[in-house]
Each structure stands twice: as structure tokens, then as C-alpha cells.
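What follows is calculated from the coordinates using simple rules that are stated; it is not laboratory data. Remember, it's a predicted structure, so these values are computed and weren't measured experimentally. Cβ atoms come from the backbone with ideal geometry, glycine included; neighbour counts cover every protein chain shown.
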Amino acid sequence: MRHFLIALTVFVLDRLTKWLVIRHIVLEDNVPVIPGFFRLTHLENPGAAFSLFADSPSALKTGLLIAVSVTALAVVGFLLWLRRNDFNLTTVALALIMGGALGNLWDRLSDGKVTDFLDFYIGPHHWPPFNLADSAIVVGALLLMLRMLHKDKHTEAAFF
């Protein structure tokens, strides 16, 4: 149950932050937070995380991204259901991934694109803008990789 509360919290925070950005920052405008390093912006991303495939002209792109998200959610949900009585690094990571995937799936189903607003850069070097859902997915994936790298030291997860 705690896993689904984590996923729900990520989803709600993602929806709230995207709503605030849509409401308070004009599309394609930005608000400097730390000049020369970080700004809030309002972008619509028709691609995957970090704008991957955003420029693809394929009419199948949105449907494929939705299908991948739904499949990932089904797999993560199943893994969490199998481990519903466990609360460890692996299940927290899966819950973060689930919450992030739900947040971006909501955008894609309702609008065909995802709102991105976290924008980091140093001079001309620019990281692709992203959102809270993307952050949760990446943190969850990094935690899973950390868990897999140290699996000999832990016995918490049979499926990793």
C-alpha cells in the first residue's frame, strides 16, 4: 500500500506543478531562478522524456508512446503487486517510476504532449527541459541500477 501512496504522491505533485506552470508561465516563456544555471519555463513536449523523438514526423509517435507507458505501468504494477508486503529500495524505485509514468501518461492522453518546465543550462550547454514525472522516473531507474549493482550485498529483492 505504501508503494501506491508514493506513486500517488508523485502523480499529484506532477499534476500540481504542471498546472501551476500552465497557469502562470506563458507558453515558451521562462522565469530565471538561478541566472546562468536554472530557470522555469513552459514548453510542450510531443516526444518522450528529455524531448527524445520530439521532432519525429511519425503519426504513430503519440500512440506508440502511450502504448509504451501503459505497458511499463502494467509491468511495474505487477511487480509492486508481487512485492506488496515489502518496503525496500526496489519497491520505492518502482513506485517512483509508476508515479512518473502516470503523470506523463495523463498529459499525453489528455493533450497529446507533455508539459516540461525544469530547465538547466550553463552558457551554451543546455540539458533538455523536463518535469517532475521525468525526475521521478530517472531517480527510480537510478535506484534500481544501484540496487542491481549491489545485489550481492542485499537479499531484499528476488526479482533483481
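Some values worked out for this structure:
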{"quantity": "C-alpha long axis of helix 132-149 to longest principal axis of the chain, angle in °", "calculated": "40 degrees"}
{"quantity": "Amide proton proximity set for His42, modelled H, under 5 Å, gap of 5+", "calculated": "Glu28, Asp29"}
{"quantity": "Simple Cβ-charge dipole of the chain, Lys/Arg +1 and Asp/Glu -1, about Cα centre, in debye nearest 20", "calculated": "500 debye"}
{"quantity": "Fraction of alpha-carbon pairs over 27 Å apart in the chain - percent", "calculated": "30 percent"}
{"quantity": "Relative contact order %, the chain, counting alpha carbon pairs below 8 Å whose residues are six or more apart", "calculated": "31 percent"}
